[in-house]
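These notes are about the structure you will find just below.
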Amino acid sequence: MKITAFLQKKPEVKATNVDIREAFTLWDILNSKYTTKERLLMFNSFAEDPELRLLLGKREKEIDQNITILQKQMKMYNIISPGKKRAAVPSRLSKELMNDENIAMLMLLYEQEHAENLLIATYSIITNDNLRKVITDMLMRTLHSADQVMTHAAIRGWVGIPPAYQHLPADTTEKIHCGEAGCLWDMLTYRYDTLHFTEIMSSIINDNDLKLIFASGIQILKKQIKHLEKELVYFGISLPNRPADITIALNNRDLWEDSHIYRITLMGMQGAAALHVRSFKRMSSNHRLRKFMITLLREEVEKINDFIRYGKIKGWLQPVPRYGP
């Protein structure tokens, strides 16, 4: 059974407030947006490449939209706003120090780091499901923006060239570097370990709903494993050892509570999402694989969101202290 089927059967009580972590998360992200807006104003005053200026303009509009969304959220929950930055930035730097290449790479670095920070922010948002969706949508827009900047920088020859992976099969038409090959291997290894752990935990779960959800998760893992195995074979990367087909159940179930298994599993899902973001950052030469990372991350974040909602209904997540009176 998928989690969505369970959520449709059980009525949820939507939070009308935020907790202390969520209040800080809103303040912190809005403060980052204000700083980024000022930085973009400076970049725009130096950029000469027409396509780069177009990307900067699109990013500035997106930043303004995000600021509006965040300000609305903060007003809704009566959270104090950080101070705004400057409305204009004087052009005092030398164009040799702030050329198009430097602008693009600084912009890319921010986008990549901000995507990772937004992902971490979604982990801390437990109380308010609507707020988690707001930040998740922001995360996906940031990833797509970073992908556009990376593609443009690669076309212009501004991205450094890491050591090439040297064991490509003769019939493979795509190229990857060592970092991208390592990311594929890491993700497959992570899923092998996750599958083994999930099958063991599934054998000792008492809650019938959770057992069905784990069964669905196992099928998703197996599907992703097949896809990743094909990618490794395609690029001629040695596959790691697979887990055993037969998993022996643990004898003493009293040592494991369903709530504890749930929370360990949630942490594992969050670890997988973090691995996807790190892989996205490293995939600088193969644009197809980078888009594949975005797809995997979107699927993982959606599963985490449903899993958090499920845990709240079951009472397996600790309530975070609320913000405000």
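Each value in this text was obtained by applying a stated rule to the coordinates, not by laboratory testing. This structure is a prediction, so every number in the text was calculated from the model and none was measured. Please note: Cβ atoms are built from the backbone with ideal geometry, for glycine as well, and neighbour counts cover all protein chains shown.
Counting alpha carbon pairs within less than 8 Å and at least 6 residues apart, what relative contact order, in whole percent, applies to segment 14-160?
It rounds to 34 percent for segment 14-160.
Answer with one residue from Leu255, Ala121, Leu232: the one whose Cα lies farthest towards the positive end of the charge dipole of the chain, charges on Cβ with Lys, Arg +1 and Asp, Glu -1.
It is Ala121.
Under the 0.36 nm per residue contour assumption, what length would be gained going from the current alpha-carbon distance of Ala164 and Lys223 to full extension?
Stretched out fully, the Ala164 to Lys223 stretch lengthens by 18.4 nm.
When you count, for each residue, the other Cβ atoms within 10 Å and take the mean per peptide, how do 286-292, 222-228 rank with the highest first?
286-292, 222-228
Please give the charge dipole size of the chain, origin at the Cα centre, charges +1 on K and R Cβ atoms and -1 on D and E Cβ atoms. Round to the nearest 20 debye.
Its charge dipole is roughly 840 debye.
When N is the residue count of segment 14-160, what does its C-alpha Rg come to as a fraction of 2.2 N^0.38 Å?
1.12
Given contacts defined as C-alpha pairs under 8 Å and at least six residues apart, what's the relative contact order of segment 164-317, whole-number percent?
30 percent
Segment 148-201: which GluC sites (Glu not before Pro) are DSSP loop and have at most 10 other beta-carbon atoms within 10 angstrom?
In loop regions of segment 148-201 (DSSP not H, G, I, E or B), there are no sparsely surrounded GluC sites (Glu not before Pro).
Determine the relative contact order of the chain: mean sequence separation of Cα pairs under 8 Å and six or more apart, normalised by residue count, in whole percent.
Here the relative contact order equals 25 percent.
Could you work out how far apart the two model spin labels at Ala274 and Ser238 are, taking each label as a point 7 Å from the Cα in the direction of the beta carbon, and quote it in nm?
Taking the simple label geometry, Ala274 and Ser238 are separated by 2.8 nm.
Between Ala215 and Glu116, what FRET efficiency comes out of the Förster formula 1/(1 + (r/R0)^6) with R0 = 35 Å and r the beta carbon distance, rounded to 0.05?
About 0.65, to the nearest 0.05.
Select from Ala47, Ile135, Ala104 the residue farthest towards the positive end of the dipole of segment 14-160; place +1 on Cβ of Lys and Arg, -1 on Cβ of Asp and Glu, and compute about the Cα centre.
Ile135
Regarding segment 265-325, what whole-number volume in Å³ per residue does the convex hull of its Cα atoms give?
In segment 265-325, the Cα convex hull volume per residue is 104 Å³.
Cut-off under 16 Å on the C-alpha distance; same-chain residues fewer than 8 positions from Lys75 excluded. Which aspartates and glutamates are left, in chain and number order?
Qualifying aspartates and glutamates at Cα under 16 Å: Asp19, Glu22, Asp28.
Taking the Cα centre of segment 249-325 as origin, sum charge times position over the Cβ atoms of Lys and Arg (+1) and Asp and Glu (-1), and report the length of that vector in debye to the nearest 20.
500 debye
Would you please classify the overall shape of the chain from the alpha carbon gyration tensor, given that a ≥ b ≥ c denote the square roots of the eigenvalues, rounded means a/c under 1.5, and beyond that prolate means a/b larger than b/c while oblate covers the rest?
oblate
Give the shape of segment 164-317 as rounded, prolate or oblate, defined through the alpha-carbon gyration tensor: a ≥ b ≥ c are the square roots of its eigenvalues, a/c under 1.5 means rounded, and otherwise the shape is prolate if a/b is larger than b/c and oblate if not.
Prolate is the answer for segment 164-317, as a/c is 1.5 or above and a/b outweighs b/c.
Show which aspartates and glutamates lie in cross-link reach of Lys175 when reach means a straight Cα distance below 15 angstrom and same-chain residues fewer than eight apart are skipped.
Within the straight-line limit of under 15 Å, Lys175 reaches these aspartates and glutamates: Glu231.
Take the residue pairs Lys37/Lys133; Lys37/Lys303; Lys226/Lys281 and return only those whose Cα atoms are more than 26 Å apart.
Cα-Cα > 26 Å for Lys37/Lys303; rest within.
What distance in nm separates the two pseudo spin-label positions at Glu38 and Asp129, each 7 Å out from Cα along the beta-carbon direction?
Reported label-point gap for Glu38 and Asp129 is 3.9 nm.
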